[in-house]
Amino acid sequence: MHDKNTIHELIREFYSYAKENMGFNKPCKVFLHDNQENAADPLGKSGYYDPQNMEIHLYTTGRHPKDVLRSCSHELMHHTQNCRGDFANMGATTEGYAQENQELRKMEEEAYKAAMYFRDFEDSLKNQGIEAHRGNQSTLPGSIPLKQHLGPAGDHYGGGKGNRSA
């Protein structure tokens, strides 16, 4: 199994790529959570975005790093939507919102398509011959080490301040 350092490093690298390509203009924090109860639920959460605090929360227990990165991409698109002002007057995101509200459904569709940003990022790394993310290696050659912050909400990183579930 991959350690959290591998996931942290991949997210740090992807965050920069996503900012440039998705075009969000405000920083957000990304938190990684270990949660055995959530992992045991076959329909548990993979992550969510908190638009008021500009935070992304990702569940990592038992998940492959690529799966966590796809969830990160989805939630970063929600962050991009928030930065564009799409969340203004959007209403509640209660269960079934994506089936009942066509505007929110369009936002979810855009967020699900964001997986292609991760795919392009992954392909760009492979095309450069960078293989450092495999196994237990946790940094790319020449990359800046990730500063880990441990807080009450879990492991996180990101800058500045920044509840959508995937």
Gain in length, residue 113 to residue 64, computed as 0.36 nm per residue apart minus the alpha-carbon separation, to one decimal in nm? 15.7 nm
Could I have the simple spin-label model distance between residue 53 and residue 128, label points 7 Å from Cα toward Cβ, reported in nm to one decimal? 3.2
Members of 45/106; 66/126; 19/113; 4/26; 4/66; 26/126 lying beyond 23 Å, as alpha-carbon distances in this model show: 4/26; 26/126
J(HN,Hα) series, the range 74-82, from Karplus relation 6.51 cos²θ - 1.76 cosθ + 1.60, nearest Hz, glycine and proline x: 4, 6, 5, 5, 4, 5, 4, 4, 4
Whole-Hz couplings from phi, Karplus 6.51/-1.76/1.60, listed for the range 6-18; x for Gly and Pro: 4, 5, 4, 4, 4, 5, 4, 5, 5, 3, 4, 4, 5
So what are the ³J(HN,Hα) numbers for the range 38-47, from phi and the Karplus equation (6.51, -1.76, 1.60; θ = phi - 60°), rounded to whole Hz, Gly and Pro as x? 5, 5, 6, 7, x, 10, x, 6, 9, x
For residue 102 and residue 26, calculate 0.36 nm times their separation in residues minus their Cα-Cα distance, and state this gained length in nm to one decimal. 24.7 nm
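We did not get these values from a lab; they are worked out from the coordinates using the rules stated. Quantities reported herein were computed from a predicted structural model and do not represent experimental measurements. Using ideal geometry, Cβ is built from the backbone for each residue, glycine included, and neighbour counts are taken over all protein chains shown.
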